[in-house]
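Undergrad: One structure follows; several queries about it will come next.
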Amino acid sequence: MTALLEVGADVGWPDADASATARLAPTRSRRLAELVEWLAATQGRFPPQRPQRVRCVLLGPAGAAASELASGYDIGVRSLELDGDPHTAFAQGLEAADREIDEGADLLVLAGRDETSAPGALTSLLSDTEPVALLPRGANALDTEQWVAAAEELRDSRREIAALRSRPDDLVAGTGSPVIAAAAGFALRAAARRTGVLLDGAAVLAAALLCIDSQPLAREWWQLADTAADPVHIVIAAQLELQPLLDLGLTTGDGVAGLLAVEVVRAEAEAGVTHG
């Protein structure tokens, strides 16, 4: 298995000069100004170019909604059938990123979902958050019996991986999640190859959190697609220090939020041309 630390060692800073030039251009709002700066920095040019070949990689089967949306937005979709072994899934993520970038992708969407306790356990461990603080609240709250069961499962899952905290490669495998492993490989390789990624879904965000624990610079190449009421998603967004592009609360990780966010990026790329 290619080591996570080995891949992370190749991650470099985006283009600071292009970002600084973008910062001087007139913009419509602070958040959109930040997005133009990010585009300019990741592309190494100002004004930034409208992404010409956007690709969406789904860690699992593609649903009808994502497929139809991607077709309407002229975005190619690749669905990865992941191996159940996290080591192999990590390699699949690396290979998928290489393949898309080699074929000319200039912006990537990465989406996936994991219904197990793995994203929560990993988030709890890496963010030093109590497991119970990561359980659903408000309208999404569980009944008492379900809450107790979920709390115990999350606590036990964290306990199982706690000893791996300082060994990132073992931690990837220890989560038992092919989705997290593949997402970590994909997101980190894309950053190493200087290609921006829109992250969609709590499992993908958990993988991103694992990556920046070893290579904080990787976050400079990513954007979060959307907000979510899921406490896991909220905690990770704060840890990544990234503000989501949308505020729709789409939590499925099926690629829909990421695809919608592409249109925000495209619009701001065109605005950047105007500003330039």
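Undergrad: Here are the criteria: (1) farther than 19 Å from Ser127 by Cα; (2) crowded, with 16+ Cβ neighbours inside 10 Å. Tell me which single one Arg158 does not satisfy.
TA: (1)
Undergrad: Let me ask something else about it. Taking region 76-99 only, how many residues are part of a helix (DSSP H, G or I), under 27 Å from Val264 (Cβ atoms) and more than 16 Å from the chain's Cα centre (by Cα)? I'd like the intermediate steps shown before the answer.
TA: First pass over region 76-99, keeping only residues part of a helix (DSSP H, G or I): 86-99.
Remaining after also requiring under 27 Å from Val264 (Cβ atoms): 93, 96-99.
This time we only want the ones that are more than 16 Å from the chain's Cα centre (by Cα), so: 98-99.
Matching residues across region 76-99 total 2.
Undergrad: Which residue out of Asp17, Asp74 is charged (D, E, K, R), modelled with pLDDT under 90 and loosely packed, with under 14 Cβ neighbours inside 10 Å?
TA: Values: Asp74 fails: modelled with pLDDT under 90.
After applying the criteria, what remains is Asp17.
Undergrad: Look at Asp169 and say whether it is farther than 21 Å from Thr251 by Cβ and either among the polar types (S, T, N, Q) or surrounded by fewer than 15 Cβ atoms within 10 Å (Cβ to Cβ) (or both). So that I can check it myself, show each step before the final result.
TA: Working: farther than 21 Å from Thr251 by Cβ: yes; either among the polar types (S, T, N, Q) or surrounded by fewer than 15 Cβ atoms within 10 Å (Cβ to Cβ) (or both): no.
For Asp169, the condition - farther than 21 Å from Thr251 by Cβ and either among the polar types (S, T, N, Q) or surrounded by fewer than 15 Cβ atoms within 10 Å (Cβ to Cβ) (or both) - is not met.
Residue-wise test of (1) aliphatic (A, V, I, L, M); (2) open to solvent by 50 Å² or more (accessible area, probe 1.4 Å); (3) touching a residue at least 60 places away in the same chain (Cβ under 8 Å).
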position: Leu5; (1), (2), (3): yes, yes, yes
position: Ala33; (1), (2), (3): yes, no, no
position: Ser79; (1), (2), (3): no, yes, no
position: Leu94; (1), (2), (3): yes, no, yes
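Undergrad: What's the number of the condition Ala228 fails, among (1) open to solvent by 20 Å² or more (accessible area, probe 1.4 Å); (2) in a loop (DSSP other than H, G, I, E, B); (3) over 30 Å from Gly44 (Cα atoms)?
TA: Condition (1) is where Ala228 drops out.
Undergrad: Looking at Arg158, Arg194, Arg189, which one is basic (Lys, Arg), part of a helix (DSSP H, G or I) and within 19 Å of Trp222 (Cα to Cα)? Break it down into steps so the answer makes sense when it comes.
TA: Details: Arg158 fails: within 19 Å of Trp222 (Cα to Cα); Arg194 fails: part of a helix (DSSP H, G or I).
On inspection, the qualifying residue turns out to be Arg189.
Undergrad: Of (1) out of contact with any His (no Cβ under 8 Å at 6 or more places or on another chain); (2) open to solvent by 40 Å² or more (accessible area, probe 1.4 Å), Thr251 satisfies all except one. Which?
TA: Only one criterion in (1) out of contact with any His (no Cβ under 8 Å at 6 or more places or on another chain); (2) open to solvent by 40 Å² or more (accessible area, probe 1.4 Å) is unmet by Thr251, namely (1).
Undergrad: What are the residue pairs meeting all of these: first residue in region 236-247, first residue at negative phi, second residue open to solvent by 70 Å² or more (accessible area, probe 1.4 Å) and assigned to a loop (DSSP other than H, G, I, E, B), Cβ atoms under 8 Å, and 6 or more apart or on different chains?
TA: Ala237/Gln243
Undergrad: In addition: Exactly one of these conditions fails for Ala181: (1) assigned to a helix (DSSP H, G or I); (2) at pLDDT below 95. Give me its number.
TA: Condition (2) is where Ala181 drops out.
Undergrad: Go through (1) farther than 18 Å from Leu4 by Cβ; (2) open to solvent by 50 Å² or more (accessible area, probe 1.4 Å); (3) not in a helix (DSSP H, G or I) and name the single condition Ala105 misses.
TA: The number of the failed condition is (2).
Undergrad: Ok, one more. Looking only at region 207-225, which residues are assigned to a helix (DSSP H, G or I) and either in contact with a Lys or Arg (Cβ under 6 Å, 6 or more places away or on another chain) or in contact (Cβ under 8 Å) with a residue 24 or more places away in the chain (or both)? Quick ask: steps written out before the conclusion?
TA: So in region 207-225, the residues assigned to a helix (DSSP H, G or I) come out as 207-214, 216-221.
Ala207, Ala208, Leu209, Leu210, Cys211, Ile212, Asp213, Ser214, Leu217, Ala218, Glu220, Trp221 - these are the residues of region 207-225 that are assigned to a helix (DSSP H, G or I) and either in contact with a Lys or Arg (Cβ under 6 Å, 6 or more places away or on another chain) or in contact (Cβ under 8 Å) with a residue 24 or more places away in the chain (or both).
The values are calculated or read from the model by the stated rules, or taken from the named source; none is laboratory data. In this text the structure is predicted, and so the values were computed from the model without any measurement. With ideal geometry, Cβ positions are generated from the backbone for all residues, glycine too; neighbour counts draw on all protein chains shown. Ligands, DNA and RNA are stripped out before the accessible areas are found, and what is left, the full protein with its side chains, is counted by its heavy atoms. Shrake-Rupley method; radii C 1.70, N 1.55, O 1.52, S 1.80 Å.
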